[in-house]
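Novice: One structure coming up, written as C-alpha cells, with questions to follow.
We did not get these values from a lab; they are worked out from the coordinates using the rules stated. These figures come from a predicted structure and were not determined experimentally. Glycine also receives a Cβ, built like all others from the backbone with ideal geometry; neighbour counts cover every protein chain displayed.
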Amino acid sequence: MQTTRTIPTNETERLASLFKLDLDYTALNDTFKDLSFLAAKITETEISLISFIDSYTQWIVSRFGLEIYQTPIDDTVCQFTLGEEDHLEIEDLSKDQRFVTKDFIGEPMNLKYYLGVPLKSSNGLNIGSLCVIDNKLHGKLSDEKIEQLKIIARQIIARINDASSIRSLQNQLRLQTDTYKKVAHDIRGPIAGIIGLADMIANDTDEYHKDELQNMVGMMGKSGQSVLDLADEILRSSLDKLNCAAEVFNLKIFKEKLDKLYQPQAFNKQINLDIKVNIAFETIQIKKDKLMQISGNLISNAIKFTPNNGNIKVQLDLFLETNQKTLIMQVQDSGQGLSQEAINEILKGTAESSNGTIGEKGYGFGLPMVRKLLNELNGEMSIESKIGQGSCFHIKIPSV
C-alpha cells in the first residue's frame, strides 16, 4: 500500500523553485485569507487551505475552517496533488487505501472530500497546493467551479511573484545605494582637498596679488564646495531610500520565527528545541535572504534524526568586522550521529537518504538544498559528529 508520493526526477528543481521565492511562512495569512475564504465559498466546502510544501513539511500559510499551520509531508493528502498537472479530487478519503491509516480519517476530524489544485512556480513546477476539504460526502465539483479554483491558484502565485519582484527591486536598490555611497565617499576626499588648497591660495595675499588669480581660486573653491554638497546629498538620499526599502530583520526576530515554525514539530516528538541568540547583537539589522530556508532545513533534519525526548540546541550569533557582518549558526542535536564517511558524503553532496528515528520517510533533499543555498550566499558549512552522540552543524554566512 503506497502511503507516500512517488518522488519525481525534478524534485531538486522543484525545491529550488520554492526556496528561490524565499517565503516567510509565518507572515502570509493576511496576504491570502481572502482567497482561502473565497475558495471555500465557491465550492461550498467547510475547509480551504493554501500551502507550500518542502522536503519535510506542508506549510499551511492561509486557512479557512481549520486551525492548522503545518503537518509532516507524509501525513498529507496534498503531497499527491504535487504529482498532478491539473487537479486531484477524492470523493471519499476513507475509501482511498493511501489514507485509511491516517488520523484525519477518524475522530474528531472525519475528513471525507478533498480537491487540490497545484500551485505552480513561474517555471511550471508544483510547489504547493490550494485545497478544499469537507467532513461530509461531497459530489464531484463541476468543471466551472474547478476552473474558478484554478483562477484562485493563479492569483496566489501572482501575489507571491509580485512580492518576490518587490524584494528583487529592493535588493537592486541596496546595490545602487552601495554604489552611490562609494561614489560619494570616493569624491569627497579629493574635492575636500581642492577646497582646502583653494582656501590656502586665496588667503595667502602676500604671494598672490592678482585679482584674476584670486577670482579663479574663488571659483575653484565654490565649484569644489558644490560637488562636495552633491556628495553629501547622494549619501543622505541613498540612506533614506535604503531605510525605506529594507525589511526589519534581526537575530531576535529570527529566533521568534524559528520558534513559531519548528517548536510544533519538536513537540510532536517530545524533543526539547532550545533556540538562543547572542543578546548583545540581537537587535542589529541583518539581511533575511534565504536564512529561513537554510535554518529550517537544518532544524527539520535534526528533528528527524533525534529520538523522542531528545534535545536540539540552536545558537544564533554575529561576528562583526569593520565592513562586514557574518552570521554564525549552530544546530546541535542528541540524535543518531554520523560517521566521518557520512559527513564527507554530506559535504560532497553524495549522501543517500535514510529514514528518521520513528520511521519518517527520508527523501534526501534537505541537506543538499542547504548546500545549494549556502553556495549562493558564499556561506560555509562544517559538521562535527560521532555515532550515538549526536551531530553539530556549523554555518557561517558573510555579508548579512
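Novice: For segment 16-70 and segment 100-152, what is the separation of their C-alpha centers, rounded to whole Å?
Specialist: If we compute the Cα centre of each part, the gap is 12 Å.
Novice: Only bridges with both residues in segment 251-397 count here: give the DSSP antiparallel percent, nearest 5. Intermediate values should be presented prior to the final figure.
Specialist: Numbers: 22 of 28 bridges.
Rounded to the nearest five, the antiparallel share is 80 percent.
Novice: Let me ask something else about it. Which order do 66, 130 fall in if you start with the one that has the fewest other Cβ atoms within 10 Å? Mind dumping the intermediate values first?
Specialist: Values: 66 15, 130 29.
Neighbour counts put them in this order, fewest first: 66, 130.
Novice: Looking at this model, which pairs from 252/288; 269/290; 95/150; 288/325; 269/386; 304/348 are more than 24 angstrom apart at the alpha-carbon?
Specialist: Details: 252/288 12 Å; 269/290 27 Å; 95/150 26 Å; 288/325 13 Å; 269/386 22 Å; 304/348 21 Å.
Over 24 Å apart, Cα to Cα: 269/290; 95/150.
Novice: Quick one: length gained pulling residue 280 to residue 172 fully straight, 0.36 nm per residue minus the C-alpha distance? Could you put the intermediate results ahead of the total?
Specialist: Values: separation 108, 0.36 × 108 = 38.88 nm, distance 3.01 nm.
Separation in residues times 0.36 nm, less the Cα-Cα distance, equals 35.9 nm.
Novice: If contacts are Cα pairs under 8 angstrom and at least 6 residues apart, what is the relative contact order of segment 251-397 in percent?
Specialist: Working: 265 pairs, mean separation 35.5, N = 147.
Relative contact order for segment 251-397 comes out at 24 percent.
Novice: Which net charge results when you count Lys and Arg as +1 and Asp and Glu as -1 among the other residues whose beta-carbon is under 15 Å from that of residue 51? Walk me through the intermediate numbers first.
Specialist: Details: positive: 5, 14, 33, 63, 120, 159; negative: 24, 54, 67, 74, 75, 84.
Computed value for this residue: 0.
Novice: Using Cβ contacts closer than 10 Å as the measure, can you line up 13, 85 from fewest to most?
Specialist: On the way: 13 13, 85 8.
Starting with the residue having the fewest Cβ neighbours, the order is 85, 13.
Novice: Could I ask something else about it? Give or take rounding to whole Å, what are the principal axis extents of the alpha carbon atoms in segment 1-58, in descending order?
Specialist: 36, 34, 15
Novice: Quick check: net charge around residue 255, other residues with Cβ under 12 Å of its Cβ, Lys/Arg +1 and Asp/Glu -1? Please list the in-between numbers first.
Specialist: On the way: positive: 252, 257, 260, 276; negative: 256, 259, 274, 282, 317.
Net charge around residue 255: -1.
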